[in-house]
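Student: This is the structure I have questions about; it appears just below.
No value in this document is a laboratory result; all are computed from the given coordinates. Quick caveat, the model's predicted, so the values are computed rather than measured. When we count neighbours, we look across all protein chains shown, and the Cβ atoms used for this are built from the backbone with ideal geometry, even at glycine.
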Amino acid sequence: MSKSFGQVEKKTLEAEFFFNKFKDAYRSNTLFESECYFNSFIASSRSITMTIQYCLKKADGFEIWYSNQQKKLKNCELAKLFLELRNRSVHRGENFAFSLVWNEKDNGHHYLESWFSPLNGFKLFPSKTSEDILSSSKEYFCLLLGIVQACYVDFGKIIDPDQYWSFDNIASKNWTCEDIEQMLGFPRGWTKVTGQSEETRMEFLIQQARSSNSVYCPLEPLFEKYLNVNKYGIEYNTND
């Protein structure tokens, strides 16, 4: 089981943290905070796929799988835009995400219009509303979150304790009770008691394994909130 996939989970939570901070700052019209949190969001978002590659690069079938994910991102205009924003922010120190203009309504009240500043080679969002920036950032995060969620489906048996310590996975690897005992740090034969069946021993050992390995997926709330699915890709019933 991959012990390092928690790094992917942490980076994903980090990206969502900065997105929420950016959203709050932007809606309150605090420009400097908005720029800081937006730059942090695009930087941490970019690191999600890089961390996936680092954690799963030795997994069977990952090279082809990751290549397909990269093709999807390269063919996505939104992903290309955010990559460009991140690169110019990180490598050039540019902070150009927002253009701000004060306008006056008919009733004399002023309001702030803002939008993405132009980038050469990109057709950006034409509408001058705050939701353009926020909704596009959310859409980009959902795109990356979908890739993370796909990891639990395609590589769940090596990254997810629920799937790793399952009867099906154990059977596919032909592990014996003694093998699991040794993996958990117990002497081989530790659970072998007169009158105790192999099935009972296996159930006990799996229970021990799950209690010592966090089976709670910290990204489940994000999968539900942004994608309306659980880590297995099963949709939640919105009618409930």
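Student: If amide H atoms are built 1.01 Å from N in the plane of the peptide, which residues on other chains or at least 5 residues away come under 5 Å of the amide H of VAL229?
Tutor: Excluding prolines and chain starts, which carry no amide H, the hits are GLU224, TYR236.
Student: Spelling out what I want: for every residue of the stretch 190-201, take phi, set θ = phi - 60°, compute 6.51 cos²θ - 1.76 cosθ + 1.60 (Karplus), and round to whole Hz; glycine and proline get x.
Tutor: Running phi through 6.51 cos²θ - 1.76 cosθ + 1.60 with θ = phi - 60° gives 4, 9, 7, 10, 4, x, 9, 6, 5, 5, 5, 4 Hz.
Student: Could you sort 160-172, 136-148, 40-52 so that the peptide with the highest average Cβ count within 10 Å comes first and the rest follow in order? Before the final figure, lay out each step's value.
Tutor: Details: 160-172: 16.1, 136-148: 18.7, 40-52: 20.9.
Highest-to-lowest ranking by the protection proxy: 40-52, 136-148, 160-172.
Student: So, one more: Taking θ = phi - 60°, what integer Hz values does the Karplus form 6.51 cos²θ - 1.76 cosθ + 1.60 yield along the stretch 73-87, in sequence order, with x for Gly and Pro?
Tutor: Each residue's phi maps through the Karplus curve to give 5, 5, 8, 9, 4, 5, 5, 5, 4, 5, 5, 5, 4, 5, 4 Hz.
Student: List every residue whose amide H lies under 5 Å from the amide H of THR191, counting only residues 5 or more places away in sequence or on a different chain, with H placed 1.01 Å from N in the peptide plane.
Tutor: Amide H to amide H, under 5 Å and 5 or more residues apart or across chains, THR191 pairs with nothing.
Student: Moving to a separate point now. In whole Hz and in residue order, list the ³J(HN,Hα) couplings for the stretch 14-24 that follow from phi through the Karplus curve 6.51 cos²θ - 1.76 cosθ + 1.60, θ = phi - 60°; x for Gly and Pro.
Tutor: 5, 4, 5, 4, 5, 4, 5, 5, 4, 4, 5
Student: Rounded to the nearest 0.05, what FRET efficiency is calculated for VAL193 and TYR216 with R0 set to 25 Å and r the Cβ-Cβ distance?
Tutor: 0.20
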